[in-house]
Structures are given as structure tokens and as C-alpha cells.
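Below: the structure, in C-alpha cells.
The values are calculated or read from the model by the stated rules, or taken from the named source; none is laboratory data. All of these numbers come straight from a predicted model, not from anything done at the bench. In this analysis, Cβ positions are derived from the backbone assuming ideal geometry, glycine residues included, and neighbour counts consider all displayed protein chains.
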């Protein structure tokens, strides 16, 4: 007898333990995205200013009037967009001008206290002169020719600038006796100094000094003429070494009126050439641009005068040999790198200089 009963096959699909399909992942991703957007909105609301909130509200209430009047961006990306009342269709949206306390005019932004600007300029200039002094000392130590005469080259920072004194030695004069003819070694010193001094835009003053011994030639020519001629001979050597002649502010002779060693007028160190890399204030005084006292006026109170006729200010260093250094000397490469920060006009951003320290 045939069995016509149908056969039913039941297949049970089994999943791995803990796995219930992937649909929940899509739902969780949508939930996480919504939560991220929600917290982003909360963060924007907490950090936005009232003006920014009003601008965002104005955008959503009237996008056309908002974008025609101000920035097309809802979020402030550098400016604060505000809708224009005359173009918006929503009368509730009105521009709220800044108050007098918050409004800053372009003139007030550019105004600088003259006293602060002057102090900052003097600080930069002093930094420049200190770097130049360090560079000159490094040059004396590195140059074999200059190193032999470093005891005759004195450096100091004064209130009028960087003072470089080249003095006579007992058996090593800078000039021929009674004349303005340079000795070869002294000419080499001036040529080497010119190459370094011209790195800064400051003008220089050159002065000649003799000892207390009267000039033996007689006639109308004396120590005054001799000191002036020697200062002018030093000027010619510096110009031959490449120093710009237009950067020389003054060439003057002082005879024996400003002795380096007042106790011994015949001391060879009294015969010297002074080269002063002038500050802007001292330069203006020399050029008669203000009523300040000219550098070098009067008589020195001691051999360590910080300028011709200027007593040393408290705390300032006295003249030191070229090989001597004060404080922590910088490497030669770092000094030259700092000097290169100055442009042709002599300006330097203070923050850049401090960054290089």
C-alpha cells in the first residue's frame, strides 16, 4: 500500500555563540553619530557669545537676508557676522552695534607710547652693540695678526656706544714719531676692524689723542693738529678697508686734553685712537638734531671714563683688553648669526632677538 503522506524537512539555522546578526551595529552607529552631534551643539552653545548665538539664530530664521548682509558662514571664522536690519525679512533680527567700551578704532590699535618705543629701541641698540663687541673680541682671538696686539686694543660699552681704543705701547707706536703716518701693523688692525664694524648701521666717531709732551716741531703746528691729522689718517684706513664713508659722523683731535692716564701724562697709552660706534641718541646729538649734550663734552673725571669726557655710569664696565670678556661669551657662530638679524636700516624685532638667545 502506497504511503502518500508528504515528507517535511525542517532545517534549523544555527549561529555562533554570542552572535545575533549585524543589524544592531547599524543602529548603534546611528545612535553614536546622533550623540556626537548633540554634544557638539551643546559645546557650541556653551562657548558662543551672545552676539554669535543671535547671528546663528538670524541665519536659520532668514538665511537670504543674513547671507546678503554679512559673512556666508554661520560659525565665526575670524570675524563676527551680523545680519543687516534693512535687508532681513525678520523684524525681530536687529543688528546690535558694539558699545564704546568694546569698539576699538584703528588709530588706537596703532598708537604706541613714545617713551616705551624709545626704551625698546635703546634696548635693541644696546643688544646690537654687545653683539658687535663680542664679535670683535672673537675676531681678535681668531686673527693671528690681531692676537699679537690684543693688549693694545680696548673695548667697552658706554652710554654713547661701543668704544674701541687702540693705544700705543712702549716700543710699538701706531704712527711715526711726530707725524700722522700709520705703522703697517696699525693699518692692519684698522682694516680688520672695518670689516666687522660695518656689519651694523650705526655711524662712528673717530678721535685722536696725544700724550702730554709738547710737539717738538714748533711753528703753527702742534699736538692739536697732530691728533686731528692722526684721526683723519685712521679714517682713510677704515674707508680703504671697505667702511662706508657716509657712516662716519665725526673726526676730531683732542690733543692731550683727555689723557687716559692722568697721573702720567707721558705714558704711551695716552697716545691713542678712539673709534666709537655711536648710539642713535649720540648720533643725533652730534648732528645737532636735538638739544642733548654732545658726546665728549667736558673733561673726564677718571681714566676709565665711559666716553671722551663722560664719567662711567654706575655698573658699566671700564675699558678692557680685546681678549677679555665679561659674563658668558657666546660662540662666534652664534654671534654672527645674531648680527645677521639686523637689516640695512638697523631694525630688529626684539622677539626674534630674544628667540635666538
Within the bounds of region 219-228, is there any residue that is assigned to a loop (DSSP other than H, G, I, E, B) and either under 23 Å from residue 164 (Cβ atoms) or at pLDDT 95 or above (or both)? no
Residue 239 being touching a helix residue (DSSP H, G or I) at 6+ places or on another chain (Cβ under 7 Å), surrounded by fewer than 21 Cβ atoms within 10 Å (Cβ to Cβ) and at pLDDT 90 or above | yes
